[in-house]
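Peer 1: Pasting a structure below so you can have a look.
None of the figures in this text is laboratory data; all of them are computed from the coordinates on show. The shown structure was predicted, so the numbers you read here are calculated from the model rather than taken from an experiment. Because the Cβ atoms are built from the backbone with ideal geometry, glycine has one as well, and the counts that use them run over all protein chains shown.
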Amino acid sequence: MGISPLPRTVNFGGYRGKIVDEVWVQEDFEDLDYRFFIQQIRWNDGDESIRIAYYTRPHGTDDTQWNFANRAPNIYPETLGELIRRAMQRNWFHI
């Protein structure tokens, strides 16, 4: 499957939009590699949202083998901290 370049289409519960930006942190393990990400999504109605999820692939395979994991991530605190640090460097958050 792999991960397509940005922007890429996203569908969620009948809503359509585009992933316009993302940050990620990769962790490689003996059997499986994980790419945890935070994405900025711009929906067709103009709204924006943030998605936190991850991709997996068999360890050592090429980038065409990434698959979206449609479930909540289980992530080390250090990895989550790095992911949040990278996301905060973007202009996505209005805080």
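Peer 1: Considering only residues of the range 1-21 that are in contact (Cβ under 8 Å) with a residue 60 or more places away in the chain and surrounded by fewer than 15 Cβ atoms within 10 Å (Cβ to Cβ), which is farthest from Ile38 (Cα to Cα)?
Peer 2: Applying the filter and picking the extreme gives Met1.
Peer 1: Next question, about the same structure. Within the range 53-77, which residues are farther than 19 Å from Ser4 by Cβ and in a strand (DSSP E or B)?
Peer 2: Correct list: Pro58 only.
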